[in-house]
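What follows is one structure encoded as structure tokens, with my remarks underneath.
The values are calculated or read from the model by the stated rules, or taken from the named source; none is laboratory data. As the structure is a computational prediction, the values presented were derived from the model and not from experiment. Quick reminder, even Gly has a Cβ in these numbers, built from the backbone with ideal geometry, and neighbours come from all protein chains shown. In case anyone asks, the SASA skips ligands and DNA or RNA and just uses the protein heavy atoms, side chains included. Shrake-Rupley method; radii C 1.70, N 1.55, O 1.52, S 1.80 Å.
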Amino acid sequence: MILLVFNKLKSLFKAPIFSDADKNLAARQVFTIVRAFIFASLFLQGVQIAIAPRITGRWLAMLLVTVAVALALLEMNRRGRVRAASYLLVLSLWLLIGVFAWTRAGLGTRAAWGYFVVVFIAGMVLGRWQGIFTAALCSAATLFIALAAPVRSSDPFRFWLINSLYLGIVLLLQDLAGRSIRESLARAHDELRERQKSEEALRVGNQFISSLLRALPVAVFFKDKEGRYTGCNDEFTEIMGATTEQIMGKTVHELWPSELADTYHRKDLELMRSREHQVYEYHVLDKSGTLRPVIYAKDVILDANGEVSGLVGAFLDISDRKRAEMAVQESERRYRAVFESAGDAILLTRGRKFVDCNEKTLELFSCTREDLDSLSPGFFSPERQPDGGNSPEKAMENVRIAMGGQQVRFEWVHMRADGTLFPAEVTLNRVELTTGTHLLAVIRDVSERKKLEGQLLQAQKMEAMGILAGGLAHDFNNILSTIVGYGSLLKMKCPEGGPAAEYAERILMASERAANLTTSLLAFSRKQEVVLQPLDLNGVIRGFHKILERLIGEDIEFSLDLCEPGPVVDADARQVEQVLMNLANNSREAMPRGGRLAIATAVVSGDSLPRDLPPGEYAAIHVADNGAGMPDAVQARVFEPFFTTKEVGKGTGLGLAIVYGIVQSHGGHVSVTSAPGQGSTFTIHLPLRSQARESIGTSEAAGIPSGSETILLVEDDPAVRQVTSAVLEEFGYSVLTAADGGEAQSIFRRQGGRIDLVICDLVMPGLNGRETLAGIREARSDVKALFISGYTADIIAGKGIADPDIQLLWKPLSPAVLLRKVRAILDGRGG
């Protein structure tokens with residue numbers, strides 16, 4: 001309890017502190033005066049006891065009142081009621097002096113001299129005007145005491161005047177002292193306020209720096225000029241894996257491995273010597289033992305004299321940035337690899353300037369990067385496109401669409417730096433880069449594709465021609481069979497040397513040419529099988545010489561230059577004749593006013609061969625004329641189907657195409673050399689037969705054999721059936737005819753015992769030839785058979801009736817060939 005009272009009294013006697021500086025100053029003044037008032041009151045009470053040594057109720061009441069007033073003043077002061085406490089203090093002192101004037105101790109008028117203190121204090125704590133009012137009040141109280149106090153003045157008015165004069169002097173001195181004190185206090189107050197502001201600013205600044213250092217994701221440290229750490233932030237301690245206390249006062253050599261420490265120390269010395277701000281990349285060793293890449297930034301700390309007192313440094317962990325840089329570099333390498341290895345030209349432009357391109361661009365446009373720097377994109381386009389459109393206008397329209405955010409793809413004709421043109425497929429896209437909006441162009445050279453498209457169109461033409469030829473072959477061969485058959489019979493009936501025999505010969509020659517043309521067309525379109533047999537090219541050329549002479553006319557000099565021995569190849573004789581006839585006809589039309597035509601043969605190998613042919617020995621046939629010749633553009637297309645330089649109605653464009661197809665089907669090669677006005681030379685290379693040469697005769701065949709056997713002829717075409725029957729009967733055979741397979745089987749069941757041979761069309765309505773023969777052989781298995789057909793090989797294969805073991809003749813039927821084949825089968829030689 002006593003301790004509690006003591007603490008309470010201690011807090012009362014402790015000067016209060018307020019945030020308001022003026023209020024704080026006034027409270028301190030009141031506190032000082034009250035404390036002096038208490039001690040003075042106690043002193044006066046002690047004096048009174050000493051004068052009259054007895055304790056009375058009055059004295060005790062005065063003591064208690066004095067103490068109570070003093071404590072109330074201190075409490076009011078502590079609570080901040082400083083102004084009220086000041087008035088109460090002055091009033092208390094005024095009353096206390098008045099009370100002392102009426103004491104029995106006999107102070108009387110002598111107590112009035114205490115009003116000097118009251119006036120002085122009033123002026124100090126209340127101000128000038130309150131001090132004047134207090135002086136007037138004290139003057140009036142002095143007069144009252146002088147007149148009515150127990151110890152009166154002998155001369156009250158004189159005492160009052162003197163006392164009042166002294167009060168005025170005290171008031172004047174108080175005003176002078178108060179003014180000086182107030183000025184001093186004001187200065188002190190201002191200095192205190194400035195110091196408080198500085199201290200507050202320093203505190204706020206330190207707190208800000210401390211917060212900043214804690215919040216920064218950067219490790220910060222401080223060192224003195226000896227290199228000892230004097231401070232650091234949390235990021236630094238986190239990387240180090242140590243506390244601030246463990247780091248403070250240490251040097252780099254005590255915290256880091258020697259290699260790192262030496263570098264750090266050297267950099268610190270350079271900084272303090274040069275006093276120049278340092279920024280550099282290095283690395284630190286973190287608490288896990290991993291070297292982290294960082295960026296260091298350091299500067300010196302100067303003291304008041306401008307001398308270096310230490311340094312401050314910071315480092316930023318750039319591990320993520322390094323990884324990002326490596327990722328960007330790797331991405332750039334991948335992008336550049338794709339960019340440069342692309343098979344298309346890739347260009348990046350901005351406005352009318354090239355920004356970047358790949359190597360394919362330089363190759364495609366036949367230029368260098370320096371050329372691109374000085375040229376605009378418009379340089380690489382001709383003035384007009386193939387459709388007649390203005391290139392700059394069309395290009396700007398496509399660019400406008402692309403820059404609007406829509407991908408644009410179109411075909412374009414570009415121009416290389418050397419002026420040559422090429423077709424291209426162009427794709428435009430807008431791309432946003434850090435340097436702005438750009439246009440990305442991908443350009444693909446479609447020259448090869450256009451060529452392949454042309455070849456596809458050519459193949460489609462050939463396919464169409466093959467379909468047409470295959471579809472017409474059957475009917476046309478039946479018609480030719482009729483013409484050849486009756487022409488042959490007519491020739492047999494006409495006397496030799498007469499005009500009728502010559503006419504019949506002409507009919508047969510035309511029929512042969514028509515048959516060869518059909519066969520060649522079918523072979524060219526892969527619709528007819530090529531029958532390869534050992535063939536002496538010289539013999540074929542000599543045997544066909546007369547026909548070629550008649551074909552080219554008398555105004556053309558025709559010569560042969562055939563090598564010896566004659567080259568032997570595996571070939572189809574009729575198709576070789578067709579090749580010679582087409583080439584001779586081409587030369588005749590190139591020499592409308594006459595000229596020279598020469599056919600030569602040779603055996604060649606090695607460097608003399610075209611590059612397209614595999615190594616080996618080849619028979620070469622040269623067909624040369626001195627006609628009009630051909631320019632390069634015509635030579636490039638001369639073997640295309642339907643390509644012709646003749647007027648409409650004067651050529652089909654198939655002659656040389658058929659030559660090309662026949663030679664290809666024989667595994668050979670055909671080429672042409674020509675120049676306008678210099679004539680043309682066609683050269684055909686055919687693989688030389690590797691086996692020993694066989695005796696190959698080209699002389700006229702022996703006479704046509706006859707017979708007396710009975711033959712069953714099965715043919716659905718009435719004209720072919722009639723002429724074939726007539727030919728067989730003309731040469732002694734008995735012929736039974738049937739229009740279809742069912743009729744043939746019926747006839748054979750009735751008369752099969754006397755039938756020696758069945759000649760049957762392979763493809764017929766209803767039962768085909770194979771099915772017809774199968775039914776016949778159920779009645780008699782040893783019957784001999786010969787098939788004939790006017791359909792192409794692919795149609796027969798498609799119907800599933802082809803068989804390499806069967807005896808088959810192709811229409812149109814030559815009577816001589818038919819009769820020799822019939823005789824061979826009947827005689828058991830097979831043919």
So if we plug the beta-carbon distance of D555 and V817 into 1/(1 + (r/R0)^6) with R0 = 45 Å, what FRET efficiency do we get, rounded to 0.05?
0.80
Suppose R0 equals 60 Å. What FRET efficiency, 1/(1 + (r/R0)^6) with r the Cβ-Cβ distance, do S319 and R409 give to the nearest 0.05?
0.85
E245 to E270: extension gain in nm, 0.36 nm per residue of separation minus the Cα-Cα distance?
6.3 nm
Under the rule a/c < 1.5 gives rounded, and otherwise a/b versus b/c splits prolate from oblate, where does segment 715-754 land using the Cα gyration tensor?
oblate
According to the square roots a ≥ b ≥ c of the eigenvalues of the Cα gyration tensor, what is the shape class of segment 729-782, taking rounded for a/c under 1.5, prolate for a/b larger than b/c otherwise, and oblate for the remainder?
oblate
Of V672, V723, ordered by accessible area with the largest first and a 1.4 Å probe, the sequence is V672, V723
Tell me, what is the FRET efficiency for D155 and R79 to the nearest 0.05, using R0 = 51 angstrom and their Cβ-Cβ distance as r?
0.60
Roughly how big is segment 348-447's charge dipole about its Cα centre, with Cβ charges of +1 (Lys, Arg) and -1 (Asp, Glu), in debye to the nearest 20?
300 debye
Could you work out how far the C-alpha centroid of segment 330-369 sits from that of segment 244-321, in angstrom?
46 Å
